[in-house]
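The values are calculated or read from the model by the stated rules, or taken from the named source; none is laboratory data. Only a predicted model underlies this, so the values are computations on that prediction, with no experimental measurement involved. Because the Cβ atoms are built from the backbone with ideal geometry, glycine has one as well, and the counts that use them run over all protein chains shown. We work out accessible area using only protein heavy atoms, side chains counted, and drop any ligands, DNA or RNA first. Shrake-Rupley method; radii C 1.70, N 1.55, O 1.52, S 1.80 Å.
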Amino acid sequence: MKLFNFKSRKQKKGELEGNLEGKKTIQDYLREKDSGKAAVYVPQKAFQARSEEEVIQFLEIEVSQMKDARKAIEDAKEEYESITNSLMDVQIITDMPEDDKIALREAADKIKTLTQERESFQKEVSKITEAQYSKMDSYGDEIRNIMKKMDDDEKYSQLIQKDMQTLEGEKGTLRYDVDDYRDKLEVLQKLASGILFLLSACFVFFFVSVFALEKDYRSVIYVALAVIAIALTIVFIKNQDYTGQMKAAERKLNRVISLLNRSKVRYVNVQNSLDFQYEKYGVNSAYELNHIWGLYLEAKRERELYRHNSQELHEAQTELLGILSEYDLNDAHIWIYRADALLDNREMVEVRHELNVRRQKIRENMEYNKEVVEKTNVEIKEFTKLNKGYGDQIMAVVKAGLKV
């Protein structure tokens with residue numbers, strides 16, 4: 001009589017593969033991406049730290065994340081106020097008395113006519129549009145700082161994207177490891193249940209053989225019990241090993257998510273900054289801006305040949321600024337380059353729309369960073385509740401980080 005049916009290593013491997021059928025593979029995890037925006041902020045679940053080092057690592061990331069978000073808010077406020085001032089200027093011009101509007105349109109018409117003459121002078125040699133020339137001309141000496149900032153932001157964005165790709169890969173691998181260990185623990189639990197069932201069967205067989213059959217199978221029973229005890233010991237040791245490895249993988253996954261969140265916040269901020277710069281300066285990259293700037297310098301040298309036209313244009317611009325100076329605009333000079341808007345109400349509506357779109361983007365960026373600050377505060381509070389034993393260290397790290 002066969003009491004046990006020991007399966008071969010190959011049979012066990014086949015059963016294990018059958019249990020894992022349909023589970024996610026590591027490739028699935030590596031391909032997995034957050035739905036929606038590429039840099040959606042993922043709130044981090046609070047956890048109980050096992051050491052002071054873990055507490056400090058977690059808080060340094062959270063505090064750094066909060067500082068980045070606060071700085072982005074402060075940086076956006078100044079630009080937001082500037083655009084609001086420009087919208088106020090649009091409204092002031094729209095509400096001007098009709099007599100002043102007529103004078104303003106006459107000056108704007110002169111500017112437009114003289115500007116068109118300059119375009120005709122350079123039509124055969126100019127390599128950039130008048131709109132591009134006007135923009136470059138309005139930036140002046142600031143263009144070098146503008147190009148440097150755009151170039152630095154692009155390099156920083158690329159660096160963050162590489163970090164995010166690396167962290168996404170690590171996150172996928174660790175998620176796969178956690179699920180793999182969880183599946184192995186499920187298999188061990190089923191195996192343990194089977195062994196316990198065999199143990200019960202041994203006891204039943206023992207009592208039946210002794211009291212019913214009156215036969216002595218104790219030697220067989222002892223061997224079976226020894227084998228079962230060894231199997232249970234192996235299962236217990238493996239269970240402890242897999243449990244420890246799964247928890248370690250979960251801690252690593254939590255840290256990777258923290259780093260990924262910080263990178264996402266930085267990526268959103270630098271990308272929003274780049275999008276705003278691209279729209280403001282009418283380019284798609286720092287390289288393009290630098291190229292247009294070079295063409296502008298070349299065109300500027302060529303326009304020296306037609307300086308007599310520039311004098312008349314200057315007079316028209318002075319006339320326009322003289323009219324606007326009576327209305328205390330925040331930036332009267334910019335209307336020299338918006339003569340079309342002064343001549344055509346549809347163009348003025350377009351200027352207002354463009355300013356509103358830019359302001360809305362800044363507002364959305366500010367709201368995003370406010371949300372990051374709020375969620376980070378909540379994460380720190382929840383973390384503090386779970387780690388009351390490290391209260392002093394938490395307060396010290398938070399205070400020191402926010403003061404810097």
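What number of residues within segment 54-86 satisfy the criterion of being more than 19 Å from the chain's Cα centre (by Cα), surrounded by 16 or more Cβ atoms within 10 Å (Cβ to Cβ), within 25 Å of residue 361 (Cα to Cα) and not small (Gly, Ala, Ser)?
3
Restricting the search to segment 237-260, which residues are farther than 29 Å from residue 64 by Cα and touching a residue at least 24 places away in the same chain (Cβ under 8 Å)?
If the condition is that a residue be farther than 29 Å from residue 64 by Cα and touching a residue at least 24 places away in the same chain (Cβ under 8 Å), then 238, 239, 242, 243, 245 are the ones that fit.
Being without any contact (Cβ under 8 Å) to a residue 40 or more places away in the chain, out of contact with any Leu (no Cβ under 9 Å at 6 or more places or on another chain) and in a helix (DSSP H, G or I) narrows it down to one residue among 149, 162; which is it?
Exactly one residue qualifies, and that residue is 162.
Out of 347, 382, 364, which single residue is open to solvent by 60 Å² or more (accessible area, probe 1.4 Å), part of a helix (DSSP H, G or I) and touching an Asp or Glu at 6+ places or on another chain (Cβ under 6 Å)?
347
Among 204, 208, 125, which is the only one that is open to solvent by 60 Å² or more (accessible area, probe 1.4 Å), β-branched (Val, Ile, Thr), modelled with pLDDT under 80 and not in a helix (DSSP H, G or I)?
125 is the lone residue from the list that is open to solvent by 60 Å² or more (accessible area, probe 1.4 Å), β-branched (Val, Ile, Thr), modelled with pLDDT under 80 and not in a helix (DSSP H, G or I).
Which of the residues spanning segment 308-344 are of a type in the set (S, T, N, Q), in a helix (DSSP H, G or I) and open to solvent by 50 Å² or more (accessible area, probe 1.4 Å)?
311, 318, 325, listed by residue number.
Got at least one residue in segment 30-40 being part of a helix (DSSP H, G or I) and at pLDDT below 85?
Yes; the residues of segment 30-40 include at least one that is part of a helix (DSSP H, G or I) and at pLDDT below 85.
Please pick out the residue among 302, 279, 288, 250 that is surrounded by fewer than 18 Cβ atoms within 10 Å (Cβ to Cβ) and modelled with pLDDT under 80.
The unique qualifying residue is 302.
Determine whether residue 353 is surrounded by fewer than 17 Cβ atoms within 10 Å (Cβ to Cβ) and over 36 Å from the mean Cα position of the chain (by Cα).
Taking the combined requirement at face value, the residue does not satisfy it.
Does residue 370 satisfy being under 30 Å from residue 265 (Cα atoms), open to solvent by 60 Å² or more (accessible area, probe 1.4 Å) and either over 24 Å from the mean Cα position of the chain (by Cα) or in contact (Cβ under 8 Å) with a residue 24 or more places away in the chain (or both)?
In short, yes.
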